[in-house]
Amino acid sequence: MRVAVVGAGVAGLVLARRLHLAGVDTTVWESSPQPGGQLRTLALWGCPVDVGAEALHLGTPSVARLLDELGLGGRIVHASPGASLLVTRRGLQPLPAGVGPVGPTRIGPVLSSGILSVRGLARAGLEPILARRRVDQDISVGAFIRSRFGDEVADQFVDPLLGNLHSGDIDSLSLRSTARQLVPRARDGRSLLPNPLTRRPHRVAGAQFGSFPCGLEEFIAALVLGLDLRLDSPVLALAPEADGWLVRTRAGVDRVDAVALACPAGVAGALLEPLRAGIGEQLAAGRTADVATVVLAYPKPVGGVLQSHNGLLLHSRSGHLTKAFTNLSRKWPQVGHPDLHLVRASVGRAGHDELARLTDAEVVRQVVAELHELAGLPAGVTDSRVVRWPGAMPQLEVGHGERIGRVRAGLAGLPPVVLVGAPYDGIGVGSTIASAEARAHELNTMDEER
């Protein structure tokens, strides 16, 4: 079997690797001049700085397995221990231990943090009782967390964590598509808080996140080894045949048995719409968010609260352009410079158009001013870099899973074609790897049945 993979982000590369190792003749077509998609490392002021995804979550089984397979386990650089700060009604406060993107898993640290009001604490404490209400349909993460813990937990913790991760609105993001781990507890009416008698393993802060001495480009470089990768080569059209596909690129026409679309939903929709009317419209119905990474270089020494913390998280109603700051020079050992202190800011969110209206210089000025106001950093920088990611963050909103299910069902009758990656199966490197491996298994099964 011959397979064409459209897109050389993590999803496309992992899928192509799985097929290649299974003996499948696979070609990866990528429209841009470099592989990796939203994993991109730049050499800035002599330091490897990741300007897309910042790190790999090592606690995700699919990530850990793949790193071991690639022989990268011994090269992992762990994030330095250190808490992130939240912008709260009481000023900057450390993120309480045990609070994750979908809320608290330990109530003690939340109680002692002082972040929630007395009313908010009382409401959050009702979660084990209110958990008995079962949820069978897809609802927003915000609606679910508010029903369990109340508005304050949703606004103070879940919004700046999960909302920032997806660059979206927690009251629109789908529970089933963005917080799958909560679905069984929602369906069965079980509390999100652990049994107090159950011992929990101790985790060192930062140990679950890793990069490499040269940044995440090492991960991409290991993935592409041995693959037939065509860069600067967009796929222009697909044409089904009786037993396969004709793939048209600027280089000509290639005949394959199956196609894997590991590309943005809009690109996939444009390729599929001529073959199945309405599919392009369904794929385009999913919103995306424009985001940007801003890297700032301050002269050393630099003061401010970030000297002793790894980052700063803001909620969506903070009134600031920035949604999060990462203290790169403190958090990552590989981002060390003798004279400069580097900070990374994440900007952009679905439903907000400020980023599109601002020039790079205006973005930098506003971000620098916000860091000065919030964290006490200097009011000027030595240098800066802005990397924009237009339409890069798919919004997996309520009903997303059903919509993608309809799209996949609509592909029936065509030669083998699969949709793979974040726009379809969830954002994050772990979800992307899982999507790629599932679709590779699907294609391999098709080949065995031929």
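Of all residues assigned to region 162-172, none qualifies as being farther than 26 Å from His57 by Cα and outside any loop (DSSP other than H, G, I, E, B). The criterion of at least 2 residues that are farther than 30 Å from Val343 by Cβ and small (Gly, Ala, Ser) is met, among helices (runs of 4 or more DSSP H) falling completely within region 66-143, by 118-124.
A quick yes/no check of all residues on (1) of a type in the set (A, V, I, L, M); (2) modelled with pLDDT under 95:
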residue: Leu161; (1), (2): yes, yes
residue: Asp171; (1), (2): no, no
residue: Ser174; (1), (2): no, no
residue: Gly189; (1), (2): no, yes
residue: Arg199; (1), (2): no, yes
residue: Gly215; (1), (2): no, no
residue: Ala242; (1), (2): yes, yes
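Residue pairs whose Cβ atoms lie under 9 Å apart, sitting 6 or more positions apart in sequence or on different chains, and linking a residue in region 107-121 that is under 14 Å from Asp155 (Cβ atoms) to a partner that is surrounded by fewer than 15 Cβ atoms within 10 Å (Cβ to Cβ), are Ile115/Arg89; Ile115/Arg90; Ser117/Arg89; Gly120/Asp151. Residues in region 405-417 that are within 27 Å of the chain's Cα centre (by Cα) and free of Cβ contacts under 8 Å to residues at least 24 places away in the same chain: Gly405, Arg408, Ala409. The condition (being farther than 21 Å from Gly52 by Cβ, in contact (Cβ under 8 Å) with a residue 40 or more places away in the chain, surrounded by 23 or more Cβ atoms within 10 Å (Cβ to Cβ) and of a type in the set (A, V, I, L, M, F, W, C)) is satisfied by just one residue among Leu312, Leu283: Leu283.
Selection of helices (runs of 4 or more DSSP H) fully inside region 388-450 by the criterion of at least 2 residues being modelled with pLDDT of 95 or more, under 21 Å from Val28 (Cα atoms) and of a type in the set (Val, Ile, Thr) returns 429-449. Residues in region 252-270 that are buried (at least 22 other Cβ atoms within 10 Å of the Cβ) and either under 19 Å from the mean Cα position of the chain (by Cα) or under 19 Å from Arg2 (Cα atoms) (or both): Val256, Ala258, Val259, Ala260, Leu261, Ala262, Cys263, Ala265. Residue-level analysis places Pro184 outside the set of residues that are at pLDDT 90 or above, outside the structural domain of Ala324 (by TED's automatic domain parsing), assigned to a loop (DSSP other than H, G, I, E, B) and under 25 Å from the mean Cα position of the chain (by Cα).
Just so you know, in region 271-280 the residues that are assigned to a helix (DSSP H, G or I) and either not assigned by TED's automatic domain parsing to the domain that holds Val235 or not small (Gly, Ala, Ser) (or both) include one that is surrounded by the fewest Cβ atoms within 10 Å (Cβ to Cβ), and it is Ile279.
Select from region 292-307 the residues that are small (Gly, Ala, Ser) and over 16 Å from Val335 (Cα atoms) and write down the one among them that is surrounded by the most Cβ atoms within 10 Å (Cβ to Cβ). Only one residue tops the list, namely Ala292. Determine if region 407-425 includes at least one residue that is crowded, with 18+ Cβ neighbours inside 10 Å and either farther than 24 Å from Arg276 by Cα or of a type in the set (D, E, K, R) (or both). The answer is yes; a qualifying residue exists. Identify, please: which residue in region 48-69 is surrounded by 15 or more Cβ atoms within 10 Å (Cβ to Cβ) and either of a type in the set (S, T, N, Q) or free of Cβ contacts under 8 Å to residues at least 60 places away in the same chain (or both) and is, among those, nearest to Gly100 (Cα to Cα)? Top of the filtered list is Thr60. For Glu437, the criteria (1) in contact (Cβ under 8 Å) with a residue 60 or more places away in the chain; (2) surrounded by fewer than 16 Cβ atoms within 10 Å (Cβ to Cβ) hold in every case but one, which is (2).
Look at (1) touching a His at 6+ places or on another chain (Cβ under 7 Å); (2) part of a loop (DSSP other than H, G, I, E, B); (3) among the hydroxyl-bearing types (Ser, Thr, Tyr) and you find that Ser32 fails only one, number (1).
Among the numbered conditions (1) buried (at least 17 other Cβ atoms within 10 Å of the Cβ); (2) of a type in the set (D, E, K, R); (3) farther than 14 Å from Gly215 by Cβ, the only one that Arg89 does not meet is (1).
Rundown of residues vs (1) in contact with a Leu (Cβ under 7 Å, 6 or more places away or on another chain); (2) free of Cβ contacts under 8 Å to residues at least 24 places away in the same chain; (3) of a type in the set (D, E, K, R), yes/no style:
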| residue | (1), (2), (3) |
| --- | --- |
| Val247 | yes, no, no |
| Asp254 | no, no, yes |
| Val259 | yes, no, no |
| Ala262 | yes, no, no |
| Val267 | no, no, no |
| Gly278 | no, no, no |
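Taking the conditions (1) under 25 Å from the mean Cα position of the chain (by Cα); (2) modelled with pLDDT under 90 in turn, Gln137 satisfies each one other than (2).
The values are calculated or read from the model by the stated rules, or taken from the named source; none is laboratory data. Note that this is a predicted model, so its numbers are computed, not measured. Using ideal geometry, Cβ is built from the backbone for each residue, glycine included, and neighbour counts are taken over all protein chains shown.
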